[in-house]
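Here the structure is laid out as structure tokens; the discussion comes afterwards.
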Amino acid sequence: MGKDLRLVIGPRVSFNRYFDANRFTNFLTGATSYNSNGSTLSNAIDRGSGAVVIWTPSKKFRLATAYLGENTEFLNSAIFNTSSNPASGLFRGTNTLSAELTYSPSSAVNLRFLYTRSTLKAYNGFIGGAVGEPLPYGYADDGFGGRVRDSGADAYIVNFDWLVTPKFGIFGRYSYGSTNINPVNPARSGGDVNVQAFQFGLGFPDLGKKGALGVISFVVPYDYTDGRQFLLAGGGDGGTQYDLEASYYYPLTNNIAIVPAFYAIFNANNFDSNPTVLVGNVRAQFSF
């Protein structure tokens, strides 16, 4: 559709391929954990049926918009994947409308502003789990164990990366999400579950070899600031989880890379009482 306008339409479009990018957190070459790859609040639908429109009027600006109805291979199609269910289709099930503006004043700096409006279908009368990323890892009722109706949610994300020198950079994200709780029982007043997440890190391009990348990432993946009384799961005991990650992408050849990584997870699942979790792994990566 022209060099500065793209249209993508499909039955299963990957949201993360077009939104919330960052030169230091790409899952193939940058930070390796799910919490560090991108915002935990970015979209309730990682893959869905719909369309993405990308407009790049100049080197400094990029605007991407998308509408997606839930359709992912990781969810039970008999319960989720509402876009392929004739009773729900593209517009009556879980769906999201997103817009992201990227401003790049130079090749060294990218600043992104992302907004997503979600309609979250209540499954068995509850909101959250795998489909409610504005409730990351959470599950919500009406505050008294009762059922809720389909809910709306908003997520706001600011994301930047800055290559300070050719071999050193910084990056970060701040995310804020709010999910409205609508009880089925008219005697319950409902309210909002509000959550924030943030990330800061350092990047070291060409560390030890051209094409290599070292990354240090500090993440608070989900800090509930309001509405914990609605959470069946995810709120923990009032604590806040935070992660520290170090990873190193090292290309052995043009097609083979080795990626060692180390993670420390504190207050896992928002429980202050949980012990620190330490994880080390090494990934061999083949590209063709």
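The values are calculated or read from the model by the stated rules, or taken from the named source; none is laboratory data. Computed from a predicted structure; not experimentally measured. Quick reminder, even Gly has a Cβ in these numbers, built from the backbone with ideal geometry, and neighbours come from all protein chains shown.
Points worth noting:
- Residue check for residue 92: over 22 Å from residue 195 (Cα atoms) and surrounded by fewer than 18 Cβ atoms within 10 Å (Cβ to Cβ): yes
- Members of region 159-195 that are touching a residue at least 40 places away in the same chain (Cβ under 8 Å) and within 19 Å of the chain's Cα centre (by Cα): 159, 160, 161, 171, 173, 175, 176, 177, 178, 179, 193, 195
- For region 169-197, the candidate set comprises residues that are among the hydrophobic types (A, V, I, L, M, F, W, C), surrounded by 15 or more Cβ atoms within 10 Å (Cβ to Cβ) and out of contact with any Asp or Glu (no Cβ under 6 Å at 6 or more places or on another chain); within that set, the residue that is nearest to residue 25 (Cα to Cα) is 197.
- Residue count for region 18-36 satisfying the condition of being over 10 Å from residue 203 (Cβ atoms) and surrounded by fewer than 18 Cβ atoms within 10 Å (Cβ to Cβ): 4.
- Identity of the residue in region 110-142, small (Gly, Ala, Ser) and at pLDDT 85 or above, that ends up farthest from the chain's Cα centre (by Cα): 125
- Scan of region 260-280 for residues that are free of Cβ contacts under 8 Å to residues at least 24 places away in the same chain and within 21 Å of residue 214 (Cβ to Cβ), ordered by number: 260, 262, 264, 278, 279, 280
- So residue 161, is it part of a strand (DSSP E or B) and at pLDDT 95 or above: yes
- Any hit, region 255-263, residues being of a type in the set (A, V, I, L, M, F, W, C), under 22 Å from the mean Cα position of the chain (by Cα) and at pLDDT below 95: no
- Those residues of region 109-128 which are without any contact (Cβ under 8 Å) to a residue 60 or more places away in the chain and either within 23 Å of residue 60 (Cβ to Cβ) or buried (at least 16 other Cβ atoms within 10 Å of the Cβ) (or both), in sequence order: 109, 111, 113, 115, 119, 121, 122, 123, 127
- Residue match in region 62-75 (condition: loosely packed, with under 15 Cβ neighbours inside 10 Å and more than 28 Å from residue 127 (Cα to Cα)): yes
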